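See below for the structure under consideration.
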Amino acid sequence: MVLLYIFGAVALINCAYFLLFSKFSFLKVSEKTASEKYPISLIVCAKNEAENLRKHIPQWQNQNYPNFEIILINDASIDDTLEVMESFSENDPRIQIVDVKNIEAFWASKKYALTLGIKRAKNTRMVFTDADCYPASENWLATMAANFSDKKQLILGYGAYQKLPGLLNKIIRFETVMTAVQYFSYAKIGSPYMGVGRNLAYTSVLYYENRGFMNHIKIPSGDDDLFVNEAATAQNTAICVNPSAFTYSVPKKKKSKWLLQKRRHYTTAKLYKPKHRFFLGAYYIFNLLFWSLLPILLFTQLWQFALAIIIVRIAFQYIIIGKAMTKLQENDLIPFIPFFEIFLVFTQLSIFITNSGEKNSRWK
């Protein structure tokens, strides 16, 4: 009986988190685009991305926005990245190139490269994406820029992944959705803690007020989430979840490469503010407890009561997370919500164990 009470308490805490996520799930999507056309600097850091740049620069150039520049940062590439950038800049004066050379102090540091690109930008308002990302529409910049105001200096966007055949693709997109649901929800309750560099915007004023990336310059990841964790507040942060402002990129096609990417990303979480570490850690722990206790309770004499708890908890999850997935145009994932959650819970456990004591100082 005690174990059943514990199981019920765990499920209740799970549902409390789902209620938190409902702040995003049931949020009305704004359809507005920028009424005041602030000049924008679009900043893209590229390392050995020649092929992606050939495909995506035209899509950035064709944005339906009257006043923007494109800052292309060549981060010490060894392929034709610089040549591709130069070929486009010859015919488009909006394109500015920052050619970064490796130096010993900041060897292979994306943050160093981004810092040089930000210094080159002539506009206060900046939008960031990656070289392997493309916008969902020609109104991407306009929709993101619509969220800037005198108070709102940091905009969190959604960086999605393409829908491709295969189970791994669905798992990657599920993990991406769940990450987005969390950081959008926390932002809505006034406690923003991260964003993704695939689709992010902030002002140079905010950047310089927070000393850029200096507090975590030696950490390979975190040009996006660690900066947001330091700089974002309830007052200065807005979210943008209009589908026309999504960005898309091709996800990893091999599980080993995806796990390596996740391992790198998770190393930054330990540097979040204590309150964020606590609540994110508790969410994971109580999910782990729920799925760990579930098979035990189903093989006891109290299995009927356990089953009732399971049904209520999963139904709650389907309603709220399913609504969020619809908002983020990931409807095909809805039938698999509990199965993918189980997989991610135990995958994350293995990643946390593997990451213990390891260090890395390079991006990509």
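Here the translational diffusion coefficient of the range 213-364 follows from Stokes-Einstein with Rh set to the Kirkwood radius across Cα pairs; for 20 °C and 1.002 mPa s it amounts to 116 µm²/s. Take 301-308, 220-227 and order them by the average number of nearby Cβ atoms within 10 Å per residue, most first; the result is 220-227, 301-308. If you take volume of the Cα convex hull per residue in Å³ from the coordinates, which of [x] 135; [y] 282; [z] 145 do you get? After the calculation, the listed value that fits is [x].
May I ask for the angle, rounded to the nearest 10°, between helix 167-188 and the longest principal axis of the chain, with both axes built from Cα atoms and the value confined to 0 to 90°? The angle comes out near 90 degrees.
Placing R0 at 51 angstrom, the Cβ-Cβ distance between TRP303 and SER149 gives a FRET efficiency of 0.40 after rounding to 0.05. Put in order of Cβ neighbour count within 10 Å, fewest first, the listed residues TYR266, TYR183, TYR202 become TYR266, TYR183, TYR202. Helix 274-298 axis versus longest C-alpha principal axis of the chain: approximately 40°, rounded to the nearest ten. Ordering of 238-251, 128-141 by packing is 128-141, 238-251, highest average first (other Cβ atoms within 10 Å, averaged per residue). Compute the signed sum of charges (Lys and Arg +1, Asp and Glu -1) over the other residues within less than 14 Å, Cβ to Cβ, of PRO338. Net charge in that neighbourhood comes out at +1.
The distance linking the range 242-289 with the range 114-153 is 22 Å (Cα centroid to Cα centroid, whole angstrom). Once the chain from TYR38 to MET1 is taken as fully extended at 0.36 nm per residue, the excess over their C-alpha distance is 7.1 nm. Put in line by how crowded their Cβ is, counting other Cβ atoms within 10 Å and starting with the fewest, ARG277, ARG198 read ARG277, ARG198. Positive end of the charge dipole of the chain (Lys, Arg +1 and Asp, Glu -1 on Cβ, about the Cα centre): tell me which of SER350, ALA160, PRO220 has its Cα farthest that way. Result: SER350, furthest along the dipole toward the positive end. Each of LYS101, LYS270, LYS323 was scored by other Cβ atoms within 10 Å of its Cβ. Listed from fewest to most, they are LYS101, LYS270, LYS323. Relative to the dominant Cα principal axis of the chain, helix 50-61 is inclined by about 80°.
No value in this document is a laboratory result; all are computed from the given coordinates. Just so it is clear, the structure is predicted and the values come from calculations on it, not from any experiment. Neighbour counts run over all protein chains shown; Cβ positions are idealised from the backbone, glycine included.
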